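To start, the structure itself, in C-alpha cells.
The values are calculated or read from the model by the stated rules, or taken from the named source; none is laboratory data. Keep in mind that what you see is a predicted model, and the values were worked out from it rather than measured. Here the Cβ is made from the backbone with ideal geometry for all residues, glycine too, and neighbour counts use every protein chain on show. All accessible areas refer to the heavy atoms of the entire protein, side chains included, with ligands and DNA or RNA removed. Shrake-Rupley method; radii C 1.70, N 1.55, O 1.52, S 1.80 Å.
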Amino acid sequence: SSRRSFPVSPIPQELYSPVAVSSVYGKPGVKLSPTLAAFTNGVATHSMDFDDTWHPATHPSGAVLPALLAASQMLPPGTKPSGMDFLLAFNVGLEVQGRLMHFSSEAHDIPKRFHPPSVVGTMGSAAATAKLLSLSSAQCSHALGIAASLAGAPMANAATQAKPLHIGNATRLGFEAALLAARGMEANPFILDDIPGCSGFSAFYGVYHPKPLPAPGDCHEFLLEKQDIAFKRFPAHLGMHWVVDAALSVRNLFLNHAGSFSPALIRTIVLKIPVSKYINRPFPSSEHQARHSFQFNACAALLDGEVGLASFSEGSIQRQELRELLDKVVVEHPEDNVANFDKMYGEVALLLHSGDVLMGKCDTFYGHWRKPLSKESLLKKFRSNASHVLPEEKIETIISMVDNLEKLPDSSQL
C-alpha cells in the first residue's frame, strides 16, 4: 500500500508534453520532458557497460532508476514522493524483474535471443513507476500489459553503439506504459500468465512457467534481500571480470617466474571460457566490441596489469603489442564451464616457449554477488565516475542523501 493518495490524477494531461522539468545526469543546466530525461539517463547508464548486474542475468537498476527520478520531478508540489516511497518503488521495480526471470530456466543463462534489460527492465520500469504514482491494482496490471508490448531488443546488437539504447528504451517505455495506464489505456490483464496457444510474456522466454505468488504482507522478503547485486570494477561486460582476474593472477606468476612481463616468452595464451557467441571476439576493432571480448580483456590485463577506463580507448585497442598478444590466444570451452553468471569461471593459461605452463583461475571475482564490493570500494567507484561531471561538494551531498534516503522528505531532490 502507498502512504499517499491522489484524489485527482497528478499525471500531466499531455503525455508527451514538451515541458522540461526533469534533469539530465551531469548536465546542471539541461532539463528535458520526463520521458525524454528517463531515456537520456537510461542510455547514459549503460553507455560504458559499467552498470550493475543481477542473476538471473540482467542490468536491474538502469531500467528503473531514471524513470523514478524523472517521475519524482514531474509530480507537482504537494505530491512529491518521499525517500521511503522512492526506495519502495525501486525495490518493486527490481522485484518484478527478478520474479519474471525466476519463472524461466532460459533466463538463468547468458542470453542468446533478447537482451534481458530490454525485456524485464521495461516491465520493472512500468511496475516501479506505477507504484511511485500510486496507481490502482487494475492500472498496475494494465501498465505491465502495455509494457510487454513495448519490450524486447535482440542480442545481435550487443557490442554496438545501439546496445545502450536498450536501457534507455526500457526505462522510458516502462514509464510511458505506466502513464498510459494512468490515463485509462487497457491491456491484457493475463499478460504474465502462460496461456497455451497465445503467447504473452512467454514470447520472450522459451521455458517460462509462472507460479502463483503469495500476496506481499508485512513480512514480505524482497529478492534484493536474498541476493546482492554485482557491481563492476571496470567498464565491460560482466563475463570479462572472470577472465581479467584470472589473467592478473597468472600475470603475477609470470612476474615471479621471469622478473618482468615479456610477451616474447609466451608461445600460446589459452582461455577456458563458457560458450557465448557475442562475447567471444578474437580481434575487436571498436570500444564496444572490446568491452565484449574475452580475448581483449584477458590480453589487456596481461599487458597492463589492470583494466580500466583507459583500456577501451582507440589508442589502447589498436596497440601493436596488444594485437600480437591477441594473435597468441586459443579458446577452449570446458564442459563444466557453463554460460551462467552464477556457475561460470575464467581460466587463463600461459604456455611458454621454455615448455613451462602458468595458470590462473577465477571462480568468483571481487564485485560478484558472492563477493560484493565493500562500501569503500563502491564509493571510490562512484566518486571517480562522478568527478568527471560534478564538483566534489555535490558528490558528497549525493552520497549523504543516498545514505539517508529513507529520511528524505522529497525524493525529487536527488
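Of the residues screened, PHE341 is one that is at negative phi and open to solvent by less than 50 Å² (accessible area, probe 1.4 Å). Answer yes or no as to whether SER316 is over 22 Å from THR58 (Cα atoms), surrounded by 15 or more Cβ atoms within 10 Å (Cβ to Cβ), among the hydroxyl-bearing types (Ser, Thr, Tyr) and free of Cβ contacts under 8 Å to residues at least 40 places away in the same chain. Judged against the criteria, SER316 is a match. The set of residues in segment 358-383 being surrounded by 12 or more Cβ atoms within 10 Å (Cβ to Cβ), assigned to a helix (DSSP H, G or I) and free of Cβ contacts under 8 Å to residues at least 60 places away in the same chain consists of LEU379, LYS380, PHE382, ARG383.
May I ask you to verify whether PRO216 is free of Cβ contacts under 8 Å to residues at least 60 places away in the same chain and closer than 28 Å to ARG370 by Cα? Working first, answer last.
On the way: free of Cβ contacts under 8 Å to residues at least 60 places away in the same chain: yes; closer than 28 Å to ARG370 by Cα: yes.
When the stated conditions are applied, PRO216 passes them.
With respect to (1) more than 25 Å from MET155 (Cα to Cα); (2) under 27 Å from the mean Cα position of the chain (by Cα), the lone exception for HIS288 is condition (1). Can you name every residue in segment 85-121 that is under 21 Å from ALA158 (Cβ atoms) and open to solvent by 30 Å² or more (accessible area, probe 1.4 Å)? Passing the criteria: GLU106, HIS108, ASP109, LYS112, ARG113, PHE114. Taking segment 384-414 as the range and being more than 18 Å from PHE50 (Cβ to Cβ), hydrophobic (A, V, I, L, M, F, W, C) and not in a helix (DSSP H, G or I) as the test, the residues that pass are LEU408, LEU414. Residues considered: SER33, SER125, SER22. Of these, the only one that is open to solvent by less than 10 Å² (accessible area, probe 1.4 Å) and over 30 Å from ASP193 (Cα atoms) is SER22. Quick test of your reading of the structure: ILE279 fulfils all but one of (1) modelled with pLDDT under 95; (2) out of contact with any Asp or Glu (no Cβ under 8 Å at 6 or more places or on another chain); (3) open to solvent by 30 Å² or more (accessible area, probe 1.4 Å). Name the failing condition by number. All conditions are met except number (3). Residues in segment 142-177 that are open to solvent by 10 Å² or more (accessible area, probe 1.4 Å) and among the hydroxyl-bearing types (Ser, Thr, Tyr) were compared, and the one that is farthest from the chain's Cα centre (by Cα) is SER149. Given the structure, is LEU132 under 25 Å from LYS163 (Cβ atoms) and touching a Phe, Trp or Tyr at 6+ places or on another chain (Cβ under 8 Å)? Here the answer is no, as LEU132 does not meet what is asked.
Could you please let me know if SER82 is at pLDDT 95 or above and surrounded by fewer than 23 Cβ atoms within 10 Å (Cβ to Cβ)? So SER82 passes the test. For segment 272-290, a residue qualifies if it is in contact with a helix residue (DSSP H, G or I) (Cβ under 6 Å, 6 or more places away or on another chain) and charged (D, E, K, R), and the qualifying residues are ARG281, GLU287. Every test in (1) touching a strand residue (DSSP E or B) at 6+ places or on another chain (Cβ under 8 Å); (2) polar (S, T, N, Q); (3) open to solvent by 10 Å² or more (accessible area, probe 1.4 Å) is passed by SER136 save one, and that test is (1). Elements of the type helices (runs of 4 or more DSSP H) sitting completely within segment 42-138 and holding at least 3 residues that are closer than 26 Å to LYS277 by Cα: these cover 83-102, 116-132.
Only a single criterion out of (1) touching a Pro at 6+ places or on another chain (Cβ under 8 Å); (2) open to solvent by less than 20 Å² (accessible area, probe 1.4 Å) is not satisfied by LEU309, namely (2). Counting only helices (runs of 4 or more DSSP H) that sit completely within segment 210-317, those holding 3 or more residues that are of a type in the set (S, T, N, Q) correspond to 240-258.
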